1. Is there any pair with a first residue in the stretch 148-159 that is free of Cβ contacts under 8 Å to residues at least 40 places away in the same chain and a second that is surrounded by fewer than 12 Cβ atoms within 10 Å (Cβ to Cβ) whose Cβ atoms are under 8 Å apart and which are 6 or more apart or on different chains, and what are they?
2. Select from the stretch 138-155 the residues that are in a helix (DSSP H, G or I) and under 13 Å from I110 (Cα atoms) and write down the one among them that is modelled with the lowest pLDDT.
3. Answer yes or no: is there a residue in the stretch 17-30 that is farther than 18 Å from G211 by Cα and either touching a strand residue (DSSP E or B) at 6+ places or on another chain (Cβ under 8 Å) or modelled with pLDDT under 95 (or both).
4. Within the set of pairs 6 or more residues apart or between chains, which connect a residue that is touching a residue at least 60 places away in the same chain (Cβ under 8 Å) and within 10 Å of F142 (Cβ to Cβ) inside the stretch 99-122 to a residue that is surrounded by fewer than 21 Cβ atoms within 10 Å (Cβ to Cβ) and of a type in the set (S, T, Y) with Cβ atoms less than 8 Å apart?
5. From (1) at pLDDT 95 or above; (2) under 14 Å from L243 (Cβ atoms), pick out the condition that doesn't hold for M1.
6. Which count do you get for residues in the stretch 82-106 that are modelled with pLDDT under 80, under 25 Å from T146 (Cα atoms) and hydroxyl-bearing (S, T, Y)?
7. Assess whether G211 counts as being within 18 Å of D39 (Cα to Cα) and not in a helix (DSSP H, G or I).
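The values are calculated or read from the model by the stated rules, or taken from the named source; none is laboratory data. All values reported here derive from a predicted model rather than from experimental measurement. Note: ideal-geometry Cβ built from the backbone for every residue, glycine included; neighbour counts use all protein chains shown.
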Amino acid sequence: MKNTIIGAIAGDLIGSIYEFHNIRTVDFPSFDEKCDFTDDSVLTIALADCILHHKDFGKNIWEYAKKYPNRGYGGGFMQWIIRGDLKPYGSFGNGSAMRVSPVGFAYNDIDPVLCVARQSAEVTTIIQKELKELKQLRLPFFYARTGKSKAFIKEYISTAFGYDLNNTVENLRKTNQFDETCQGSVPQAVIVFLESTDFENAIRLAILIGGDSDTIACMTGGIAAAFYREISEEIIRFVSNKLPTEFNDLIKEFDEKFS
């Protein structure tokens, strides 16, 4: 594997056991056998499949969620799955942000990145604030992959969206609360990435700050994979062994086309 979307999936899987049991430290076991993939990974794979094979976003996301039930989907999303009408339900959660990393790896220009990210989000959300938060996350993915510095990413996001990214991981460790909204998790993921030193450190810091640990680690992991371009073989092996064969096959296909 060439370290594209597996970064986000690694964050989700490693953070899975801490979502409702925040640990607030970086000194946790590297590879806990209780770790498992959640809705973040399922929908990341669904979106990657859409991009690779030109599938309809709504229909494919719905089909993947039906195929992989009981993975921690939010209440509104579950009702959307049950209804099966595929109309956006006005989600205010962070699902659109947690699944979006494939977009940042698949396109080389900012316009298609933003366009496809919006299309993927509008499957479930019609709320402009969540679309704004999604754009905030998409740009770090894109700029990290295209070689921009952390200073550039921080300045651009702060200026373009008016966000204060001067908070620190240490302060978030003390104050961050569980929040499944985009605005309650996307800025945290960006701040963690900015303070990290490598991929594994980024995941550990994402879990350290608590809150919606698997999703924050998923978003952080996607940006960190794009920026550092190196994930240890040990992490990749651990994550791959936890995934269905079709997930690993699709990650390999995505990497071969877009890395």
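1. Listed by first residue and then by second, the contacts come to S158/D164.
2. Per the stated criteria, the residue is R138.
3. yes
4. Cβ pairs passing all conditions: F105/S259.
5. Every condition holds for M1 apart from (1).
6. 1
7. Spelling it out, G211 is indeed within 18 Å of D39 (Cα to Cα) and not in a helix (DSSP H, G or I).
Okay, residues lined up against (1) within 21 Å of R138 (Cβ to Cβ); (2) surrounded by fewer than 15 Cβ atoms within 10 Å (Cβ to Cβ):
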| site | (1), (2) |
| --- | --- |
| T175 | no, yes |
| F178 | no, yes |
| Q188 | yes, no |
| V192 | yes, no |
| S196 | yes, no |
| I209 | no, no |
| S213 | no, no |
| I223 | yes, no |
